[in-house]
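**Q** Okay, handing you the structure first.
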């Protein structure tokens, strides 16, 4: 399958971004675990595993289309936060970054008339809407709970 070089480069760039998302969720899970919010920590860890699967989807797509895969180095994720809200807002900021990154690839695929990649990415577009909503909803619940996150921690799934 013929995929334009710039689209392949963007797809390759997305792989470590998706795997890094797992790092972000895991690091913030460790933070919440350290505070004794085991439910929130598990929720974050579970979502981190989903992020890893997203990276795998990009690898599989590039393999299926016979493209060269380049795995870039990843940085360490932040594990120290001044409060739970700051930590959760870091998750949202990261998800917004991933949304922008996906949108950039969608635009490049569209411009290149690469309909296979364009349609492959539609799942990610929808997933990012869900991801941002899920984290935004949790932030809203944290705001409502104030300093007492115990009830939220026990109820999260």
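**Q** For P(r) over Cα pairs in 10 Å bins from 0, in percent, several values are listed as (1) 10, 29, 36, 17, 6, 2, 0; (2) 11, 39, 28, 16, 6, 0; (3) 8, 22, 23, 14, 9, 7, 7, 5, 3, 1, 0; flag the one computed from this structure.
**A** Of the listed options (1) 10, 29, 36, 17, 6, 2, 0; (2) 11, 39, 28, 16, 6, 0; (3) 8, 22, 23, 14, 9, 7, 7, 5, 3, 1, 0, (2) comes from this structure.
**Q** Round to a whole angstrom and tell me the spacing of the C-alpha centers of region 134-157 and region 71-114.
**A** Distance between centres, Cα-based: 22 Å.
**Q** Which whole-number percent is the relative contact order of the chain (Cα, under 8 Å, 6+ apart)? Each step should come with its number before you reach the end.
**A** Details: 152 pairs, mean separation 47.0, N = 157.
Averaging sequence separation for qualifying contacts and normalising by length gives 30 percent for the chain.
**Q** Classify region 28-81: rounded, prolate or oblate, from the alpha-carbon gyration tensor (a ≥ b ≥ c, eigenvalue square roots; a/c under 1.5 rounded; otherwise prolate if a/b is larger than b/c)? All intermediate terms of the calculation are to be shown ahead of the outcome.
**A** On the way: a/c = 7.76, a/b = 2.27, b/c = 3.41.
Oblate shape, in that a/c is at least 1.5 and b/c is the bigger or equal ratio.
**Q** Return one number: the angle in degrees, 0 to 90 and rounded to the nearest 10, between the long axis of the Cα atoms of helix 38-64 and the longest principal axis of the Cα atoms of the chain.
**A** Helix 38-64 and the main axis of the chain meet at about 0 degrees.
**Q** In degrees from 0 to 90, rounded to the nearest 10, what is the angle of the helix 115-145 Cα long axis to the longest principal axis of the chain?
**A** Taking the Cα atoms of the chain, the angle to 115-145 is about 10 degrees.
Where a number appears in this text, it was derived from the coordinates with a stated rule and is not lab data. Bear in mind the structure is a predicted one, so any value in this text is a computation, not a measurement.
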